[in-house]
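Colleague: Sharing a structure with you now.
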Amino acid sequence: MGRQIYLEQVFNRIQQAEPGTLFVASDFADIASQEVVKNILSRLNKAQQIRRVIRGVYVKPVYKAGCYIPPTCDKIARTLARHYGWTIVPYGQTALWMFGMTQQEPEVWEYVSNGPYKEYKLEKTIRFKKTANRDVSAMSQKTALVIQVLKALGREQVDEPIRQVIRDKLTLGQRAALLAEARHTTAWIYELIRQICY
């Protein structure tokens, strides 16, 4: 199959996606080899059909009143994680922001990951920190996020008003999953989870 056919297939898939969708070469592994797809994405970027966000990551751009709206740091982080096959969870100030526990957007978007330490500098920094598998795997994203929120707040800060705020952000199903999935976390965190869920 010729390269022009590959280009058309990649372009058609991008055209069918929602504006704001992020792409990496592995998203087109069923069409052509990674090297061929990388060249196609670079070509489409030069033709202004897509925009390069960071090395290897491209976006179908969103424009508002003629101005380009860049993707969020979280979308970029999750696309990088998908590309490399990592499981990631927001960490520290990022976890608090994502869970709605603070109005201060982080300057450094930090995630714990089962992959290696990595840092990417855009307008803001995205940082992945390696952690134990038990902190990110075998649980839902919501459970892992609540655990990171509790770690970020610290044991002494999680009083009943804070527990109620967290409780209100969880459905009954999410509370049940939290209790079941977090059993192997640190003892003090699990005790707080029990207090939140009951």
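Colleague: Restricting the count to DSSP beta bridges whose residues both fall in the chain, what percent are antiparallel, rounded to a multiple of 5?
Modeller: Among the beta bridges of the chain, antiparallel pairing accounts for roughly 70 percent.
Colleague: Assign unit charges at the C-beta atoms only (+1 for Lys and Arg, -1 for Asp and Glu), then state the dipole size of the range 56-186 relative to its Cα centre in Debye, rounded to the nearest 20.
Modeller: 420
Colleague: Here's another thing I want to ask about it. Can you classify the range 3-69 as rounded, prolate or oblate using the Cα gyration tensor, where a ≥ b ≥ c are the square roots of its eigenvalues, rounded means a/c under 1.5, and otherwise it's prolate if a/b beats b/c and oblate if not?
Modeller: Verdict is prolate for the range 3-69.
Colleague: Just Tyr120, Tyr111, Tyr68 to compare: in a GNM of the chain, with alpha carbon springs under 10 Å, which one fluctuates most?
Modeller: Result for the chain, Cα springs under 10 Å: Tyr68 fluctuates most.
Colleague: Work through the residues other than Gln93 whose Cβ is under 9 Å from its Cβ and net out their charges, Lys, Arg +1 and Asp, Glu -1.
Modeller: Residues close to Gln93 contribute a combined charge of -3.
Colleague: For the range 73-197, please report how many Lys pairs fall under 14 Å Cα to Cα, leaving out neighbours fewer than 8 apart on the same chain.
Modeller: 4
Colleague: Okay, moving on. Could you put Ile196, Ile189, Ile69 in order, starting from the residue whose Cβ has the fewest other Cβ atoms within 10 Å?
Modeller: Ile69, Ile189, Ile196
Colleague: If I stretch the segment between Glu35 and Gln49 completely, what's the gain in nm (0.36 nm per residue apart, minus their alpha carbon distance), one decimal?
Modeller: Separation in residues times 0.36 nm, less the Cα-Cα distance, equals 3.1 nm.
Colleague: Apply 1/(1 + (r/R0)^6) to the Cβ-Cβ distance of Glu156 and Glu123, taking R0 = 35 Å, and write down the FRET efficiency to the nearest 0.05.
Modeller: 0.55
FYI, it's all coordinate maths here, none of it is from the lab. Keep in mind the model is a prediction, meaning the values are calculated, not measured. All Cβ positions, even for glycine, are placed from backbone atoms using ideal geometry, and neighbour counts span all protein chains on display.
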